[in-house]
Amino acid sequence: MAASLIWLILGVLLVAAEVLSGDFVLVMLGVAALGAAGAAGLGAPVLISAVVFGVVSLGLVLGARPALKRRMELGTGHRSGIEALVGATAVVVSRVDAHGGTVRIGGEVWSARSLDRGVIEPGVEVTVVEISGATAVVLSGA
């Protein structure tokens with residue numbers, strides 16, 4: 001009974017410590033310790049509990065952790081704000097050149113300048129390649 005309590009406390013402490021590290025290692029070890037606590041609670045000897053801890057740790061760190069890390073790095077795939085404007089199609093409202101002009105992006109009129117220093121006439125569809133301050137940098141031939 002004492003072994004299962006020790007494994008349980010270790011598991012909870014490791015999972016709680018994950019909040020500070022954010023690297024998904026401690027939580028995996030914490031879950032493995034909770035598995036070892038379960039084995040010990042069912043009457044397994046200390047050696048078997050340690051083996052359960054080792055196997056579950058390896059499985060989680062080598063199997064689940066990389067998948068979780070990839071998922072966290074990819075995020076939701078949702079872009080917002082000016083980040084969502086990059087790659088959008090815009091329509092030139094007033095002549096755009098290297099020095100200025102205006103485009104309509106999704107119903108809003110933005111100041112714009114041409115990326116390739118060419119002149120783009122009103123009505124032409126362009127692609128937003130960058131947002132520089134409050135200016136959309138656009139490229140014709142979208």
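The values are calculated or read from the model by the stated rules, or taken from the named source; none is laboratory data. All figures in this text were calculated on a predicted structure; none of them were measured in a lab. Cβ atoms come from the backbone with ideal geometry, glycine included; neighbour counts cover every protein chain shown. Surface areas here come from the heavy atoms of the whole protein model, side chains and all, with no ligands, DNA or RNA. Shrake-Rupley method; radii C 1.70, N 1.55, O 1.52, S 1.80 Å.
Over segment 1-47, Cα pairs under 8 Å with separation of 6+ residues give a relative contact order of 48 percent.
For the pair Ala2 and Glu83 in one chain, pulling the backbone fully straight at 0.36 nm per residue adds 23.7 nm over the alpha carbon distance. For segment 1-68, the convex hull spanned by the alpha carbon atoms encloses 58 Å³ per residue. Here the contact order of the chain, divided by its residue count and restricted to Cα pairs under 8 Å and six or more residues apart, works out to 15 percent. Simple spin-label estimate for Val19 and Ile48 gives 3.5 nm between the two label positions (7 Å along the Cα-to-Cβ direction from each Cα). Solvent-accessible area of Ser21, all protein chains in place: 60 Å² (probe radius 1.4 Å, heavy atoms, ligands and nucleic acids excluded).
Nearest-5 percent of antiparallel DSSP beta bridges in the chain? Numbers along the way, then the final one.
Values: 17 of 21 bridges.
For the chain, the DSSP antiparallel bridge percentage is about 80.
Couplings for segment 82-96, taken from phi via the Karplus curve 6.51 cos²θ - 1.76 cosθ + 1.60 with θ = phi - 60°, read 5, 4, 6, 7, 5, x, 6, 8, 10, 10, 5, 8, 10, 2, 10 Hz in order; Gly and Pro are left as x. The C-alpha atoms of the chain occupy a region whose extents along the principal axes are 80, 22, 22 Å, arranged from largest to smallest.
Multiply the residue gap between Ile9 and Val93 by 0.36 nm, knock off their C-alpha separation, and tell me the result in nm, one decimal place.
Values: separation 84, 0.36 × 84 = 30.24 nm, distance 6.56 nm.
Full-extension gain reported as 23.7 nm.
Quotient of the Cα radius of gyration of segment 90-142 and 2.2 N^0.38 Å, N being its number of residues: 0.90.
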